[in-house]
Structure formats: structure tokens, C-alpha cells
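Reading through the C-alpha cells given below for one structure.
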Amino acid sequence: MKLIRLQAFKGVFEEKTVTGAAQRLKCSQPRVSRLMQELEEEIGFPLFLREKQRLEPTVEGKLFYEEIERILIGIEDIDRIAEDIYHKREIILRVLAQAHLAYGLLNHVFGRFEKIYRGVRHYIEIGVRRNQLGKWLEGHQFDLAFTALPAKHPLVRHEDLMSIRLLVVIPRSHPLSDAKQITIKEFAKGPIIALTEGTIMRQRLDNLIQQAALKPNIRIETPTILSACQLAEQGLGITLTEPFIANIFNKENLVIRPLAPDYRVDYGVLYLRQNPPRPMARKF
């Protein structure tokens, strides 16, 4: 499979048009179209549907993109890696993290790390889905990945990082704002700002509600913990969170209380089983 065909596909997928992909690849539109046709003939399934002058990926096209993106990122990075080695510069420290860990924890860690080890270049990939972390590491594009546990992948090892308590974010106007801790029964009365189905935090919430045989008063659903806390800040309901995100918000409009009893979430750092972290990654 020719690399240029995959690059053309990635360009069309991300730009949504052949014109945009051609500009990115610095080649003609007919050539991009020809490369796409050749790739579809080679793999045996269509990658795009044309809708109103735009190209919309098929289901197979989306799955194909998810698999090849991590590979192409590494290939596109070869020139920079070679230049760093030639100039004897420190190789970049590449970190994968879910959004709430990146914003609420790792940004502070990078600040402290820079004070000790000056001049290290960093690359942070934010928002990768938890079930994709192993695949990204397997593609050798990243040194470390930070995520909630368990995180199982045959080629990946993990080290325990921390165990933290689940918290409740409450608008100051809410009746529960004066409580020292919030029981799951009190939390279920809401109104709840829940994460969308399929997310780890939603699974935790559903398990807690099911174990207590309660019916939750869910008012709003949103895909991220950060968004849920922002909505709570507007007084629209209460939500579950973790200390990383809770510490970002202005406490004038919110109060943070522990969920009772002591419900905990375990976090770890992942790396390739056959490729332990480099010295600088281990220091981080």
C-alpha cells in the first residue's frame, strides 16, 4: 500500500474536499482524486460519499482513518526527529491524556517539570478516547499515556499512579451546597448533569445508581467532565467530577463536596510492554 495514497486519504478526510487535500499535499486535484480511486480499489470498500460538494466519510472510512492516523502521525514526524538528532537536541517528550487529566493535572506537572529540566520539548495529545490509548502507543507515536484504570491492551503495561475520591460539583444556590458530603441518594435527586452514555464517568454513575436502586433525575447530558462542570457553574444542576477538573473552577459560584461513602477511581500511566519509557519520560 503506497504511502502517498494514505496521505491523500488523510488530507481529504480532514479537509472534507479534494481541493483542500490537494493544497495540503501541494499537488493537483486530479492527482488526489486518482490516488483516492486507487486506494479504494486496493482496499475493496468506499471511503467517502459525495454530499453537496463535500465528501462525507463512510462508516468504513471513519474506521480506516482511526487506524491509520496514528501511523501517519509518526511518519510525518520523521523529518523533525532526524533534525533533532542531527542537531543533538533533546527528543520531544510525547504524552497522551484524556482531556480532564490534561487540563486539570498534566498542565501543572509540565510547569514543574520545566523548572527542573529546562529545554525539553513537549507534545501533548488531548482527548484521545480511552479505548484508543493502547493503539496509539502501539503505533510508537507517544512515550506515555495517562488514563483511568483498568486499561487492558496486550502490548501495553501500566503502573499505578493514584487513587482519588469522586466529588460532587454543586452550584452555591443548590440546597445541597451547605452539606459536608453528598450521599448517592441525595445526588440522585439532582437535577443531574450527566456525561453521555458510553463514557467512563457515566458508567460509574449508572453503576452507583443501580447498586442503590435509585432513579436518577438527569436533566442534561454532555460528553466531557469539563463541560458538565461549566454547566454546573451556570446553576443548571449538579455533577460528578474528580479533583483535577474541580480545581480549575472559580469557587465563588460552586462548592465541591465528596461523594459518600468513599467512592474512588484509580489512575495509571501506560507504556509499551516491549519498550519501557526513555530516561526523560521516566523522570516526567
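Observations
- Only DSSP H runs of four or more residues enter the estimate; each adds -39500 (n - 2.57), and after division by the residues of the chain the mean residue ellipticity at 222 nm equals -11500 deg cm²/dmol.
- Where GluC sites (Glu not before Pro) in DSSP loops with at most 14 other Cβ within 10 Å are excluded, longest remaining stretch of the chain: 91-196
- Loop trypsin sites (Lys or Arg not before Pro), region 198-284 (other Cβ atoms within 10 Å of the site Cβ: 12 or fewer; DSSP): Lys251
- Prolate/oblate/rounded label for region 176-284 (Cα gyration tensor, a/c 1.5): prolate
- Percent carbon-and-sulfur accessible area, region 141-253, ignoring ligands, DNA and RNA, probe 1.4 Å: 49
- Selected from Thr183, Thr58, Thr239 as most flexible by GNM, with the chain as the system and alpha-carbon contacts under 10 Å: Thr58
- The distance linking region 13-38 with region 222-284 is 40 Å (Cα centroid to Cα centroid, whole angstrom).
- Each residue, Lys180 and Arg24, gets one label point 7 Å from its Cα in the Cβ direction; the gap between the two is 5.6 nm.
- The largest accessible area among Cys229, Cys27 belongs to the first residue in Cys27, Cys229, and the rest follow in falling order (1.4 Å probe, all chains).
- Projecting label points 7 angstrom from Cα along Cα→Cβ for Leu155 and Glu67 puts them 1.3 nm apart.
- If R0 is 45 Å, the Cβ-Cβ spacing of Lys251 and Arg50 corresponds to a FRET efficiency of close to 0.30.
- If the chain linking Thr17 and Tyr123 were pulled fully straight, counting 0.36 nm for each residue of separation and taking away their Cα-Cα distance, it would gain 35.3 nm.
- Label-point gap, in nm, between Ser173 and Lys115 - each point 7 angstrom along Cα→Cβ: 3.9
- Set Lys62/Lys152; Lys152/Lys283; Lys115/Lys152; Lys152/Lys189; Lys2/Lys62 screened for pairs whose C-alpha atoms are more than 26 Å apart: Lys115/Lys152; Lys152/Lys189
- Whole-angstrom Cα spans of the chain along principal axes, big to small: 65, 51, 36
- Accessible surface for the chain, divided over its residues, is 55 Å² per residue with a 1.4 Å probe.
- Region 146-201: C-alpha gyration tensor shape, a/c 1.5 cut-off, then a/b vs b/c: prolate
The values are calculated or read from the model by the stated rules, or taken from the named source; none is laboratory data. Fair warning: this is a prediction, and the values are worked out from it, not measured in the lab. Cβ: placed from backbone, ideal geometry, glycine included. Neighbour counts: every protein chain shown. Side chains included, ligands, DNA and RNA excluded: accessible areas come from the protein's heavy atoms. Shrake-Rupley method; radii C 1.70, N 1.55, O 1.52, S 1.80 Å.
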